[in-house]
Amino acid sequence: MRPRRITNKKTGRLRGNATSLLLIFITTAFLALFVLLPLAAVFAEAFRKGSEAYFASFNDRYALAAIRLTLLTAAIAVPMNVVFGVMAAWCIAKFEFPGKNILITLIDLPFAISPVIAGLIFVLAFGRQTALGGWLIEQDIKIIFAVPGIVLATIFVTFPFVARELIPLMQEQGTLEEEAAVSLGAGGWSVFWKVTLPNIKWALLYSVILCNARAMGEFGAVSVVSGHIRGVTNTIPLHVETLYAEYSYVSAFSVASLLAFLGLVTLVAKTILEWKTKRKDKR
Amino acid sequence: MKWKFKQHSVLPGFGMTLGVALTYLGLIVLLPLSLLVWNTSSLSWSEFLKVVCSAQIVASYKLTFGASFLAAVVNAVFGFIAAWTLTRYRFPGKKLLDAIVDMPFAMPTAVSGIALTTIYAPNGWIGYWFAKAGMKIAYTPIGVFIALTFIGLPFVVRTLQPSLDDLDKEIEEAAESLGATKWQTFWRVILPSVLPALATGFTLAFARALGEYGSVVFISGNLPMKTEITALLIYTKLEQFDYAGATAISVVMLGASFVLMLIINMTQWYARKGKK
């Protein structure tokens, strides 16, 4: 359905009725209060003592270590979930087999689980108190309160993003183009690279951006498995928490502004990609 | 005819992709989750009940479920208005509003947590005015409610938008031409047809709020028996190395989210049946 234009196209004057104007006002006020204000607060607090104090927050051993750890975690978790997501989407969208709906539900499972519980299950699996964890510590392999645990928890919470974005799209696209390519003699890989991938590239890109934003920003699950060792197992969100708890608000919000900026980039990317796919639909 | 696991297809790669997907799913998600259930069995039934029904935990259920429910109700009302405005009208700044609806998804929870706390603390932008009127928001259950409203908002709006977009203008016009007032058209024609989507959005927001941790723990202040949410208690038990206790509470929370997921699936099934 076509939305109704509230302003006159030429003069720019309002021409809506009272109800529509009231609803627009409520929506704007609600979103401004609940969404824009917190975002503004992050940057206002970060720059409270000027830009020098802002940049000084990053000139710190622990802040840099946290940034490095977050980048490393995302660099492992995101590609793994991309490979899994594309493969899961391929077998679910292109083939018919029993139990498919159960598989889709299971892929969504990490979204339904509290981040704290997501962290807990890895502590239960690899913690010092378990047989496996005890054995690993004897071999000098640390998983909980160390980087591998952080990576595992991050993979868990970002697990569904790629598959969930690709499955509906690939189901809608069907298998005709791929079948044509195969009947013309193309092999599996060239079908994927030359036919499927160009069809899903924007959705894939978007899902990677979402997955990455969540991987870099995850707090609850990582907090449980990390142990909060400064400079060693603190990711950016955990470092923000540490700074905040120490009342170094300017530093906390400066480092947090990095993540808020990442969130903004994610939103912009989403808007651009939606616009791109919509234009393609119209053609 | 011979029974086959999958229907015939000329496309390659089924075995490999399904194999990899199942292995990865099993190792990353199912195996660790099954450990949770396995660990609960180390507690006897009465020990389990003693943990999950202790006064501190019950207080946290009340806060978590109560605040999550209220937040989902507020989101259902304002989310409906927002979704309606964004699908029905064109006005300057609409694209921007539409884009920022997803902000609570995109912003890391810890960042929203400290930002909300700063705004609603007694010396914050909004908290200051409430403090003047003698009301505290941050470090009270109201703060928990505000954080949960923030994170639940996109669920309602994004589930309702496609549903409102699909509404047939002709049905509304028919109702009006038969003499229905605007209110009657809304209550009797529009609302019933988007009700499944509204219910789904509400339940999604509610479920997300139940498990939320990062955006709440800063603004709640974590006062024992007063502003402790259940997720925080799981965390606290873990810090005290009380694995059995943490597991027991987690199983209760998992049970709650499982019931909610079931409700969502049934609502969608019901809506599809209604369409046919």
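The values are calculated or read from the model by the stated rules, or taken from the named source; none is laboratory data. The structure presented is a predicted model; accordingly, all values stated were derived computationally and were not measured. So basically every Cβ, Gly included, is an ideal-geometry build from the backbone, and we count neighbours across all protein chains shown.
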- Quickly run through the range A:87-101 and pick out the residues that are assigned to a loop (DSSP other than H, G, I, E, B) and either of a type in the set (A, V, I, L, M, F, W, C) or buried (at least 21 other Cβ atoms within 10 Å of the Cβ) (or both). A:Phe95, A:Phe97
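In the range A:108-136, what residues are in a helix (DSSP H, G or I), more than 7 Å from every other protein chain (Cβ to nearest Cβ) and surrounded by fewer than 23 Cβ atoms within 10 Å (Cβ to Cβ)? Let's see the steps before the verdict.
As a first pass, look at the range A:108-136 and keep what is in a helix (DSSP H, G or I): A:108-112, A:115-126, A:131-136.
Remaining after also requiring more than 7 Å from every other protein chain (Cβ to nearest Cβ): A:108, A:111, A:118-119, A:126, A:131-136.
Of everything in the range A:108-136, those that are in a helix (DSSP H, G or I), more than 7 Å from every other protein chain (Cβ to nearest Cβ) and surrounded by fewer than 23 Cβ atoms within 10 Å (Cβ to Cβ) turn out to be A:Asp108, A:Phe111, A:Ala131, A:Leu132, A:Gly133, A:Gly134, A:Trp135, A:Leu136.
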- Query: So which residues in the range A:173-207 are farther than 12 Å from A:Val86 by Cβ and away from chain B (no Cβ under 12 Å), if there are any at all?
  - Reply: A:Gln173, A:Lys194, A:Pro198, A:Asn199, A:Trp202, A:Leu205
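Let me confirm something: among B:Leu191, B:Leu195, which residue is assigned to a helix (DSSP H, G or I), surrounded by 14 or more Cβ atoms within 10 Å (Cβ to Cβ) and aliphatic (A, V, I, L, M)?
Working: B:Leu191 fails: surrounded by 14 or more Cβ atoms within 10 Å (Cβ to Cβ).
Of B:Leu191, B:Leu195, the one residue that is assigned to a helix (DSSP H, G or I), surrounded by 14 or more Cβ atoms within 10 Å (Cβ to Cβ) and aliphatic (A, V, I, L, M) is B:Leu195.
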- Can you tell me how many residues in the range B:96-125 are closer than 15 Å to A:Ala29 by Cα and not aliphatic (A, V, I, L, M)? 1
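From the set of residues in the range A:31-49 that are farther than 23 Å from B:Phe78 by Cβ and not acidic (Asp, Glu), which is nearest to the chain's Cα centre (by Cα)?
Going through the range A:31-49, the residues farther than 23 Å from B:Phe78 by Cβ turn out to be A:43-49.
Checking the rest, the ones that are also not acidic (Asp, Glu) come to A:43-44, A:46-49.
Details: A:Phe43: 21, A:Ala44: 25, A:Ala46: 23, A:Phe47: 26, A:Arg48: 29, A:Lys49: 31 Å.
Residue satisfying both the conditions and the ranking: A:Phe43.
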- If you take just the helices (runs of 4 or more DSSP H) that sit entirely in the range A:163-258, which of them hold at least 3 residues that are crowded, with 23+ Cβ neighbours inside 10 Å? A:197-217, A:220-226, A:236-245
- Item | Odd one out for A:Ala46, checked against (1) touching a residue at least 60 places away in the same chain (Cβ under 8 Å); (2) farther than 28 Å from B:Thr149 by Cβ; (3) of a type outside the set (Ser, Thr, Tyr); (4) more than 10 Å from chain B (Cβ to nearest Cβ) | (2)
- Query: For B:Tyr120, which of the numbered conditions (1) within 9 Å of chain A (Cβ to nearest Cβ); (2) touching a residue at least 60 places away in the same chain (Cβ under 8 Å); (3) under 30 Å from A:Thr70 (Cβ atoms) fails to hold?
  - Reply: (1)
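State which residue is farthest from B:Asn75 (Cα to Cα) when the search covers only the range B:159-169 and only residues that are in a helix (DSSP H, G or I) and modelled with pLDDT of 85 or more.
Step one: list which residues in the range B:159-169 are in a helix (DSSP H, G or I), which gives B:159-166, B:169.
Applying the additional criterion that residues be modelled with pLDDT of 85 or more yields B:159-166.
On the way: B:Thr159: 12, B:Leu160: 12, B:Gln161: 14, B:Pro162: 17, B:Ser163: 17, B:Leu164: 16, B:Asp165: 19, B:Asp166: 21 Å.
Top of the filtered list is B:Asp166.
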- Looking at the range B:20-30, is at least one residue buried (at least 19 other Cβ atoms within 10 Å of the Cβ), free of Cβ contacts under 8 Å to residues at least 24 places away in the same chain and more than 24 Å from A:Val123 (Cβ to Cβ)? yes
- Task: Write out, first by first residue and then by second, each pair whose Cβ atoms fall under 7 Å of each other, whose residues are 6+ apart or on separate chains, and whose first residue, in the range A:250-270, is touching a residue at least 24 places away in the same chain (Cβ under 8 Å) and of a type in the set (Val, Ile, Thr) while the second is in a helix (DSSP H, G or I) and crowded, with 24+ Cβ neighbours inside 10 Å.
- Result: A:Val255/A:Ile236; A:Val255/A:His239; A:Val255/A:Val240; A:Val255/A:Leu243; A:Thr266/A:Ala213; A:Thr266/B:Ala106
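Table: residues versus (1) polar (S, T, N, Q); (2) more than 26 Å from B:Ile28 (Cβ to Cβ); (3) at pLDDT 95 or above; (4) in contact with a Phe, Trp or Tyr (Cβ under 8 Å, 6 or more places away or on another chain).
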| site | (1), (2), (3), (4) |
| --- | --- |
| A:His228 | no, no, no, no |
| A:Gly231 | no, yes, no, yes |
| A:Ile236 | no, no, yes, no |
| A:Ala245 | no, yes, no, no |
| A:Tyr249 | no, yes, no, no |
| A:Ser254 | yes, yes, yes, yes |
| A:Ser257 | yes, yes, yes, yes |
- Message: Any residue that is surrounded by 15 or more Cβ atoms within 10 Å (Cβ to Cβ), among the hydroxyl-bearing types (Ser, Thr, Tyr) and within 16 Å of B:Ser68 (Cα to Cα) - is there at least one of those in the range B:154-161?
- Response: no
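For a quick check of your reading: which helices (runs of 4 or more DSSP H) sit entirely within the range B:1-115 and have at least 2 residues that are within 13 Å of another protein chain (Cβ to nearest Cβ) and either among the β-branched types (Val, Ile, Thr) or in contact with a strand residue (DSSP E or B) (Cβ under 8 Å, 6 or more places away or on another chain) (or both)? Break it down into steps so the answer makes sense when it comes.
Numbers: elements: B:14-25, B:31-40, B:45-52, B:55-88, B:94-100, B:103-106.
By residue number, B:14-25, B:31-40, B:55-88.
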- Please work out which one of (1) more than 21 Å from the chain's Cα centre (by Cα); (2) free of Cβ contacts under 8 Å to residues at least 40 places away in the same chain is the condition A:Phe145 fails and give its number. (2)
- Where A:Pro38 falls short, out of the listed (1) surrounded by fewer than 18 Cβ atoms within 10 Å (Cβ to Cβ); (2) within 14 Å of chain B (Cβ to nearest Cβ); (3) over 30 Å from A:Met170 (Cβ atoms): (1)
